[in-house]
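For reference, the structure discussed in these notes is given below.
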Amino acid sequence: MNPLSKAWLLAFHKFVRDRNCNEGLCLDVGCGEHPIYDSCVNVDIRKQGDIQATGESLPFQNGCFNMIFCLEVIEHLTNPTKFLEEAHRVLGDNGKLILTTPNNNSCLWRLIWFIWVHTVSKRRLFDIHKNHFGLSQLRKHFKVLTTQRVNVFLHYVEAIKK
């Protein structure tokens, strides 16, 4: 990871940690190289977390987590609805889901993303972001507590299990 991306990620993790205490057992889905909390169970599709698994098939018992973090991951999933069903299943009563997703409504985000895809990554947008996540998908299984635009790039969403 380049130094600029790492600095952005660590600052963003601080933003999330400042808004959420780590009470009880938490799960970080798509943790990558830099989990949000060391004390979370860290899951990633690659062998970077504690457990290698996909968000669409979480290898945990029903109701075993108090909080799930899914930071800049849901847009990469082939089936985000399946992930939300799995998150709902493994969260306990009043469990909380924290997720972030790109602000696809931002013209600046789209411009920067276009430049990044066509110069830095040399990969097509849909090879990286498989879907444009919407709150309507989330509301089927969760009560949305708050949404906040972090900056022109990201939306931050807190929701609890219905």
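Between residue 38 and residue 108, the FRET efficiency from the beta-carbon distance, with R0 = 22 Å, is close to 0.05.
Compared with the alpha-carbon gap, the fully stretched path from residue 139 to residue 57 is longer by 27.5 nm at 0.36 nm per residue. Ordering 74-83, 38-47 by mean Cβ neighbour count within 10 Å, with the highest value first, yields 74-83, 38-47. Modelled spin-label separation between residue 148 and residue 118, with each label point placed 7 Å from Cα along the Cα-to-Cβ direction: 3.5 nm. For the peptides 53-62, 27-36, the ranking by packing is 27-36, 53-62, with the highest mean count of neighbouring Cβ atoms within 10 Å listed first. Label-to-label distance for residue 64 and residue 89 is 1.2 nm, based on points extended 7 Å past Cα in the beta-carbon direction.
Every read-out reported here was derived from the displayed coordinates using simple, explicitly stated rules and does not represent laboratory data. All values reported here derive from a predicted model rather than from experimental measurement. For neighbour counting, all protein chains shown are included, and Cβ atoms are generated from backbone atoms with ideal geometry for every residue, glycine included.
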